[in-house]
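Peer 1: Sending over a structure as structure tokens; questions will come in a sec.
The values are calculated or read from the model by the stated rules, or taken from the named source; none is laboratory data. On a predicted model such as this, the values are computed, not experimentally measured, just so you know. All Cβ positions, glycine included, derive from the backbone under ideal geometry; neighbour counts span all protein chains shown.
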Amino acid sequence: MSKRSVVRSLSFYFKRATVVHAEFGLWELIMRLLRRLGFEDRQLAAWRKQKMEADAEFDRRFGTDTGGVQNLADEEGIVGENAKHGLAHIATDPAQFRQIMDTLDLPLSEFAFIDLGCGKGRALVLAAQYPFRSIIGVDFVPSFVEAARNNVSVAAAQGLRRDIQVVVGDATQFILPSGAALVYLYNPFDSHIVRKVALHVRASYESDRRPVIIVYSNPIHMLEFTSCGWQLVTKGSGWVALNCVA
Ligand SMILES: C[S@@+](CC[C@H](N)C(=O)[O-])C[C@H]1O[C@@H](n2cnc3c(N)ncnc32)[C@H](O)[C@@H]1O
């Protein structure tokens with residue numbers, strides 16, 4: 001690791017630590033540091049093992065590389081000012097994604113699917129198995145976007161659709177397409193950015209009233225939505241769907 005990368009990582013960890021401390025307090029910061037150093041409780045270790053197996057199975061099936069945990073501290077060239085509010089890359093659980101799609105009672109072919117914080121594109125490959133009007137992924141880490149583009153094209157070679165757009169950008173700046181939209185969030189950022197996204201997507205809805213649904217998986221900061229005019233439509237194990245109250 002070069003000196004420059006070490007300095008970049010340390011600076012990232014320091015900024016992230018100040019954010020975690022402000023949001024959750026000292027105890028949570030210490031617990032996270034311990035976990036980062038490899039001290040995991042049994043429950044977390046079991047979850048990690050099961051996740052690694054599910055990742056490997058998905059990637060074997062599609063020939064992709066969507067799995068693993070990638071910390072933002074190790075990534076170069078993150079665009080915008082929000083790196084310290086972003087969470088590590090972990091890919092969507094395929095079983096949960098299918099459960100979400102089976103539960104939502106929506107005419108999917110009318111909806112654009114937009115993954116804000118698409119990482120290496122797991123959810124895009126999953127969405128490609130449903131009849132969405134269009135599919136778009138956005139991530140602020142250029143190397144993740146490159147990986148997602150590659151994964152989408154590898155999956156297309158297996159027969160999935162290839163008309164998927166993946167762009168480098170900050171979720172708080174992304175301009176939603178017109179027409180019905182399903183915005184997908186797999187716990188990508190902290191409360192600060194969740195609130196900005198909640199307001200930003202709401203503003204898009206206000207300027208063009210069409211069906212806009214947020215699917216928020218692992219919805220730790222759901223309050224940021226409900227406190228600014230979003231309401232619960234339905235929920236399942238570890239996820240919620242919300243829409244805007246007119
Ligand atoms: C938990 S991963 C989700 C990956 C993907 N959505 C999936 O379901 O497989 C969170 C992703 O959000 C991205 N992210 C975090 N903050 C972001 C921001 N402000 N703008 C764009 N992407 C962001 C990270 O780079 C990371 O790839």
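Peer 1: What are the pairs with Cβ atoms under 6 angstrom where one residue, in the stretch 162-189, is more than 10 Å from the ligand (Cβ to nearest atom) and the other, located anywhere, is hydroxyl-bearing (Ser, Thr, Tyr)? Sequence gap at least six, or different chains.
Peer 2: Filtered contacts from the stretch 162-189: 176/204.
Peer 1: Does any residue in the stretch 73-85 that is more than 18 Å from residue 3 (Cβ to Cβ) come within less than 8 Å, Cβ to Cβ, of a residue that is within 7 Å of the ligand (Cβ to nearest atom) and among the hydroxyl-bearing types (Ser, Thr, Tyr) six or more places away or on a different chain, and which pairs are these?
Peer 2: Pairs found: 80/172; 82/172.
Peer 1: Residue 140 - would you say it is buried (at least 22 other Cβ atoms within 10 Å of the Cβ), near the ligand (Cβ under 10 Å from one of its atoms) and either closer than 20 Å to residue 176 by Cα or among the charged types (D, E, K, R) (or both)?
Peer 2: Working: buried (at least 22 other Cβ atoms within 10 Å of the Cβ): yes; near the ligand (Cβ under 10 Å from one of its atoms): yes; either closer than 20 Å to residue 176 by Cα or among the charged types (D, E, K, R) (or both): yes.
It is true that residue 140 is buried (at least 22 other Cβ atoms within 10 Å of the Cβ), near the ligand (Cβ under 10 Å from one of its atoms) and either closer than 20 Å to residue 176 by Cα or among the charged types (D, E, K, R) (or both).
Peer 1: When you look at residue 171, is it among the aliphatic types (A, V, I, L, M) and either surrounded by fewer than 19 Cβ atoms within 10 Å (Cβ to Cβ) or out of contact with any Leu (no Cβ under 6 Å at 6 or more places or on another chain) (or both), yes or no?
Peer 2: Values: among the aliphatic types (A, V, I, L, M): yes; either surrounded by fewer than 19 Cβ atoms within 10 Å (Cβ to Cβ) or out of contact with any Leu (no Cβ under 6 Å at 6 or more places or on another chain) (or both): no.
It is false that residue 171 is among the aliphatic types (A, V, I, L, M) and either surrounded by fewer than 19 Cβ atoms within 10 Å (Cβ to Cβ) or out of contact with any Leu (no Cβ under 6 Å at 6 or more places or on another chain) (or both).
Peer 1: Sticking with this structure for a sec: Among the helices (runs of 4 or more DSSP H) confined wholly to the stretch 1-100, which include 2 or more residues that are at pLDDT 90 or above, under 24 Å from residue 146 (Cα atoms) and more than 12 Å from the ligand (Cβ to nearest atom)? Talk me through it step by step, then tell me what you get.
Peer 2: On the way: elements: 3-24, 26-36, 42-62.
In the stretch 1-100, the matching helices (runs of 4 or more DSSP H) lie at 42-62.
Peer 1: Please work out if residue 201 is surrounded by fewer than 19 Cβ atoms within 10 Å (Cβ to Cβ), β-branched (Val, Ile, Thr) and within 27 Å of residue 71 (Cα to Cα). Explain how you work it out, then say what you get.
Peer 2: Working: surrounded by fewer than 19 Cβ atoms within 10 Å (Cβ to Cβ): no; β-branched (Val, Ile, Thr): yes; within 27 Å of residue 71 (Cα to Cα): yes.
Spelling it out, it is not the case that residue 201 is surrounded by fewer than 19 Cβ atoms within 10 Å (Cβ to Cβ), β-branched (Val, Ile, Thr) and within 27 Å of residue 71 (Cα to Cα).
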